[in-house]
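The values are calculated or read from the model by the stated rules, or taken from the named source; none is laboratory data. Here the structure is a predicted model, which means the values were calculated and not measured. Here the Cβ positions follow ideal geometry from the backbone for every residue, glycine too, while neighbour counts run over all protein chains shown. Each accessible area value is taken on the protein alone, full model and side chains, heavy atoms only, with ligands, DNA and RNA left out. Shrake-Rupley method; radii C 1.70, N 1.55, O 1.52, S 1.80 Å.
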Amino acid sequence: MALRLAAGLTACSTRSPCNQPFCPMCRHARQAKFANQVKARFAAVPQDRLLFLTVLLSVHYDAGQIDAALVKSFKRKFRNLLFHQNKTAAIPVRMSGAFEIEAMCADLSAHKAVALAPLGHDKTRQDTFFLLHFHAVIDRGSLSQDQLRSLLIKKHFPHSYQVRLQATHSDKTTEENLAKIAGYMLKFRLQHSDRISFSDDDQTGRKSSYGSLYDLAVAKKVVMAVNACGQFAGMVLKTGS
């Protein structure tokens, strides 16, 4: 399978795209398409109702444990939660988002170790692990930001720092915010990041920076896990009307 994916990426062209998330050309095309879909869906929503959600889901030392069945189980949680919420809501909650798999080094800060411990992180291990997490743009509907956070925490994601909700940037238009968030959600990088948001007192708006590339063995595991999850289609989630 790995050789087939590599061959498809190598042979990718505008006439015959490989449609793989880690192909720059195909990823950029899918980011643009996804951004247009997100903008069409949320452009008319008042900006103070739009939020950017990050949920930390699970830690795995074997990337092969991250597959379509696992992602579908988390999709089901989000869908069920919002289905029941929206049955009596004056304005329904809607989201468009994507799952991400990130390889992380064992050398964590104490704060990150606390955040990831209930999700499967073992502080005694020194090997690379893989974090499955989820980003989404949300129309909070008739809920306040605090009510939505409480709903997510109470129903499915109760651990400290597991849920982060941020307002969009007030110095940008709704369209600019939506385009930026949509592109970020489908970034599919094979580089170590300097952070994932673990607390509500992070410097809002500070861009993540990316350093060294994963080594080949780790990169292969991430690519294969994304493939096992269904690539673009499998990693994206849309809920609500």
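Would you tally the residues in segment 55-95 being within 30 Å of K220 (Cβ to Cβ) and among the charged types (D, E, K, R)?
Residues that pass the stated criteria total 6.
Please verify whether segment 85-94 includes one or more residues that are open to solvent by less than 20 Å² (accessible area, probe 1.4 Å) and outside any loop (DSSP other than H, G, I, E, B).
Among the residues of segment 85-94, not one is open to solvent by less than 20 Å² (accessible area, probe 1.4 Å) and outside any loop (DSSP other than H, G, I, E, B), which makes the answer no.
Which of (1) out of contact with any strand residue (DSSP E or B) (no Cβ under 7 Å at 6 or more places or on another chain); (2) modelled with pLDDT under 95 is the odd one out, the single condition S150 does not satisfy?
The single condition S150 does not satisfy is (2).
If you go through segment 8-27 one residue at a time, how many are touching a residue at least 60 places away in the same chain (Cβ under 8 Å) and either open to solvent by 70 Å² or more (accessible area, probe 1.4 Å) or not in a loop (DSSP other than H, G, I, E, B) (or both)?
Matching residues across segment 8-27 total 2.
Residues to consider are L116, L143; find the one that is part of a loop (DSSP other than H, G, I, E, B) and surrounded by 15 or more Cβ atoms within 10 Å (Cβ to Cβ).
It is L143.
Yes or no: V59 in contact (Cβ under 8 Å) with a residue 12 or more places away in the chain and not in a helix (DSSP H, G or I)? Explain how you work it out, then say what you get.
Numbers: in contact (Cβ under 8 Å) with a residue 12 or more places away in the chain: yes; not in a helix (DSSP H, G or I): yes.
Yes, satisfied.
Only one of these is in a helix (DSSP H, G or I) and under 18 Å from F188 (Cα atoms): R41, R30, R4. Name it.
R30
Taking segment 162-178, which residues are free of Cβ contacts under 8 Å to residues at least 60 places away in the same chain, acidic (D, E) and either under 20 Å from N36 (Cα atoms) or surrounded by 14 or more Cβ atoms within 10 Å (Cβ to Cβ) (or both)?
Listed by number, the list holds a single entry, E176.
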